1. What is the residue count in segment 1-36 for residues that are at pLDDT 80 or above and in contact with a Leu (Cβ under 7 Å, 6 or more places away or on another chain)?
2. Somewhere in segment 59-82, is a residue in a loop (DSSP other than H, G, I, E, B), hydrophobic (A, V, I, L, M, F, W, C) and modelled with pLDDT under 80?
3. Inside segment 30-71, can you point out the residues that are among the aliphatic types (A, V, I, L, M) and crowded, with 16+ Cβ neighbours inside 10 Å?
Amino acid sequence: MNLQEDIHRIKEVMGINESTIPISIKRRANEETLKKYITMGEIEYPTLCEDFYDKFEYADNVIDYALDQFLYEINDNIDDEDYYSDVMDYLRNLCQSIFGQYLTDIYETTCSEEIDD
C-alpha cells in the first residue's frame, strides 16, 4: 500500500468527507509546505521529556500547533464547527501519516533515558 491509499482508508473509517475540504487547502497541504509548520511546532514544543506523557502526546502537540499556524496563514473561512472539524481531521491525518513517525522518533531519541527508567 502507498501513502495515498492509507490516507484514503483512514478517511473512510473516520467518515471524513473529503469533498468538503477546499481545493486551496488540499493544494497547500503537501509535505513540503507542512514541513515548515511542523518545524515551527518543534520550536514551540521542544522535546522536553518531562512536559509530555509519551511520544504520541508530543507528536499531537507539535501537529496541532503546526495546523493552527497553517490555517491561520491560509485564512480561509472555516468558522463553521462541522466544516472546521472536517478540515482539521483531514489535515491531522495527513500530518500524522507524513510526520508521525518522524516526531515520535525524535521524542524517543531525545528522551531515551526517561523511557528506559
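1. Matching residues across segment 1-36 total 1.
2. First, the residues of segment 59-82 that are in a loop (DSSP other than H, G, I, E, B): 75-80.
Keeping just the survivors that are hydrophobic (A, V, I, L, M, F, W, C) gives 78.
So of that shortlist, the ones also modelled with pLDDT under 80 come out as 78.
Yes: one or more hits.
3. Our first condition is that a residue be among the aliphatic types (A, V, I, L, M); within segment 30-71, this holds for 34, 38, 40, 43, 48, 59, 62-63, 66-67, 71.
Those that are among the aliphatic types (A, V, I, L, M) and crowded, with 16+ Cβ neighbours inside 10 Å: 34, 38, 40, 59, 62, 63, 66, 67, 71.
The values are calculated or read from the model by the stated rules, or taken from the named source; none is laboratory data. Quick caveat, the model's predicted, so the values are computed rather than measured. Cβ: placed from backbone, ideal geometry, glycine included. Neighbour counts: every protein chain shown.
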